[in-house]
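The values are calculated or read from the model by the stated rules, or taken from the named source; none is laboratory data. Owing to the predicted nature of the structure, the values given are computational and were not obtained by experimental measurement. With ideal geometry, Cβ positions are generated from the backbone for all residues, glycine too; neighbour counts draw on all protein chains shown. To get the accessible areas, we keep the full protein, side chains included, count just its heavy atoms, and leave off ligands, DNA and RNA. Shrake-Rupley method; radii C 1.70, N 1.55, O 1.52, S 1.80 Å.
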Amino acid sequence: MRVLVTGGSGYVGSHTVRELAAAGHEVVIYDNLSTGDRRLSEGFEFIEGEIADGARLAPVLDRVDAVMHFAASAYVGESMTDPRKYFRNNVESALKLIDAVLASPVRTFVFSSTCAVYGIPQACPIDEESRKEPINPYGATKLFFEHVLEAYRVTHGLRYVALRYFNAAGAHASGLIGEIHDPETHLIPLALKAALGSAPPLTIFGSDFDTPDGTCIRDYTHVSDLGSAHVLALEHLAEGGASMSVNLGTGRGTSVREIVDVFHALTGIRIPHQYGPRREGDPPCLYANPARANEVLGWVARRNLEDILTSAWGWHQKFESKTA
Ligand SMILES: NC(=O)c1ccc[n+]([C@@H]2O[C@H](COP(=O)([O-])OP(=O)(O)OC[C@H]3O[C@@H](n4cnc5c(N)ncnc54)[C@H](O)[C@@H]3O)[C@@H](O)[C@H]2O)c1
């Protein structure tokens, strides 16, 4: 299939386009480079553009079979301080994108959603039917857009899979692409940068959570595994599969302390760190029940925490030495 990938110059999008290409699909990347990096789209057709720009999208949509929509503003903290940016980009601009899609023959749509739609879960693991009460504007925008997709399924025959990822992590096996965010707010890159001395010591927010070692538990999923789930979601829709929202996680919770310890065991290097207060609204524990992804898409996360840390470490050493 030919797939338009919005946000394909970003972290998860750039890894997914490589999974799409490996599965024999053609890719057109569409990105405004607001947080993406042009280098991550090398080797693929690239169009610089805004998702709100229907006129620019129309001719592209005429020559693709499906859309994968990664383009978004995606910093939880920033969404608390600048919610207008989030409602504008993730809702207003995304609605213009979906209008352009509905004006085209394309009806197959894969959406990057997030575990932030659940807010503070009542229990872990979290399945798709768990209560959805986002606690920040970022999660609210993503849940809103899931409602849009469902409504347009009913009225416009849109067919979609919304993939609710937990924490994307790791780097591509080629060593050529990996996680770049500016500013960096994600735990593993911050930890590895601290290990390299290119960032201050890692601050671990909270050591008194009700978890075995007192630090937060999250579900770190290798970004290439997320990419392969997108390919399976596309193929599921192509085969006439039902529209739905699907969790993407390993089903295993990992604490921040465990990341520091496993990294030390793998490399012999200690991540310089200090403990800080809890961040407001940080749930103690978030990990997925990935049963639906397994049953419906035939997906499981194949890579574990060691694979994540090893690939990310390889990438960060190379990337930091280039940018130093
Ligand atoms: N990284 C994670 O752990 C994670 C977890 C859950 C969900 N997600 C979702 O996955 C998607 C990708 O996240 P990421 O971590 O790769 O972020 P990213 O910032 O690396 O990628 C987003 C990409 O979208 C582009 N973009 C943003 N707004 C645009 C617009 N208006 N028009 C065109 N392009 C635009 C950016 O330039 C960037 O290349 C996002 O939708 C995010 O909400 C990410």
### Message
Pull out all pairs, ordered by first then second residue, where Cβ-Cβ is under 8 Å, the residues are six or more apart or on different chains, the first lies in the range 3-19 and is free of Cβ contacts under 8 Å to residues at least 40 places away in the same chain, and the second is within 6 Å of the ligand (Cβ to nearest atom) and not in a loop (DSSP other than H, G, I, E, B).
### Response
Ser9/Asp31
### Query
When the residues of the range 184-209 are filtered to those that are touching a residue at least 40 places away in the same chain (Cβ under 8 Å) and either touching a Cys at 6+ places or on another chain (Cβ under 8 Å) or within 30 Å of Val148 (Cβ to Cβ) (or both), which remaining residue is surrounded by the most Cβ atoms within 10 Å (Cβ to Cβ)?
Phe209
### Summary
When Gly7 is run through (1) surrounded by fewer than 18 Cβ atoms within 10 Å (Cβ to Cβ); (2) at positive phi, the failure sits at (1)
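Residue-by-condition table, conditions (1) within 19 Å of Met80 (Cβ to Cβ); (2) open to solvent by less than 30 Å² (accessible area, probe 1.4 Å); (3) at pLDDT 95 or above; (4) of a type in the set (Ser, Thr, Tyr):
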{"site": "Pro105", "(1), (2), (3), (4)": "no, no, yes, no"}
{"site": "Thr108", "(1), (2), (3), (4)": "no, yes, yes, yes"}
{"site": "Cys115", "(1), (2), (3), (4)": "yes, yes, yes, no"}
{"site": "Pro125", "(1), (2), (3), (4)": "no, no, yes, no"}
{"site": "Glu128", "(1), (2), (3), (4)": "no, yes, yes, no"}
{"site": "Lys132", "(1), (2), (3), (4)": "yes, no, yes, no"}
{"site": "Phe144", "(1), (2), (3), (4)": "yes, no, yes, no"}
{"site": "His147", "(1), (2), (3), (4)": "no, no, yes, no"}
{"site": "Ala151", "(1), (2), (3), (4)": "no, no, yes, no"}
### Task
Go through the range 38-70 and count every residue that is open to solvent by 30 Å² or more (accessible area, probe 1.4 Å) and of a type outside the set (Gly, Ala, Ser).
14
### Query
Any idea which residue in the range 71-119 is nearest to the ligand (Cβ to nearest atom), counting only those that are in a strand (DSSP E or B) and hydrophobic (A, V, I, L, M, F, W, C)?
Phe111
### Query
Residues of the range 13-52 being modelled with pLDDT of 95 or more and part of a helix (DSSP H, G or I), which ones?
Gly13, Ser14, His15, Thr16, Val17, Arg18, Glu19, Leu20, Ala21, Ala22
### Query
Do we have any residue at all in the range 74-82 that's surrounded by 20 or more Cβ atoms within 10 Å (Cβ to Cβ) and within 23 Å of Ser104 (Cβ to Cβ)?
no
### Task
Give the residue, chosen from Pro59, Pro83, that is farther than 30 Å from Pro183 by Cα and at pLDDT 95 or above.
Pro59
